[in-house]
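Heads up, the thing below is written out as structure tokens.
The values are calculated or read from the model by the stated rules, or taken from the named source; none is laboratory data. Quantities reported herein were computed from a predicted structural model and do not represent experimental measurements. When we count neighbours, we look across all protein chains shown, and the Cβ atoms used for this are built from the backbone with ideal geometry, even at glycine. Only protein heavy atoms, including side chains, enter the accessible area calculation; ligands, DNA and RNA are left aside. Shrake-Rupley method; radii C 1.70, N 1.55, O 1.52, S 1.80 Å.
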Amino acid sequence: MTKEELLNSNFTEDQLDEIQLGIKDGVDVSLYAKENLLAIQMRQIRLGLLSGVMVSKYNDPKFDWFQMEEIRIGLENHIDVDKYCSPEIPYMKMRQIRKALMLGIDLTSQLDKNADVLRQIRKAVVAGI
């Protein structure tokens, strides 16, 4: 995007800040310079681009920024995010699945349970209970 296009756009100040940070960081801002993304969602995409992960996994306004963060962290840690990469899975469940996968524990068969139960299962497995 040219500077003129940015100035004539309907982006909020926060969105423009994220775009300008991306330009400064040398990332491809065209991947997230979209008016239907909130600035905080843009940030998660920008952070993913900076760390070199495949942002296409979560570059979708259907994900809230918390979900985007969980997917980004999973990608940065070389986790199979396809196990929890769905806008229908609340971020708290995503977090528990991601944390478990980072420990080699797959809780995806337990997605019918709430995040608190998933956390307790993860902790129980780690503790050997």
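Is it the case that region 46-60 has a residue that's on the phi > 0 side of the Ramachandran plot and free of Cβ contacts under 8 Å to residues at least 24 places away in the same chain? Within region 46-60 (the criterion being on the phi > 0 side of the Ramachandran plot and free of Cβ contacts under 8 Å to residues at least 24 places away in the same chain), the answer is yes, since at least one residue qualifies. Scanning region 67-88 for residues that are open to solvent by 70 Å² or more (accessible area, probe 1.4 Å) and part of a helix (DSSP H, G or I) turns up 82, 83.
Screening region 89-129 for residues that are of a type in the set (A, V, I, L, M, F, W, C) and outside any helix (DSSP H, G or I) and picking the one that is most open to solvent (accessible area, probe 1.4 Å) gives 129.
Does region 48-56 include one or more residues that are surrounded by 22 or more Cβ atoms within 10 Å (Cβ to Cβ), of a type outside the set (Ser, Thr, Tyr) and assigned to a helix (DSSP H, G or I)? Yes.
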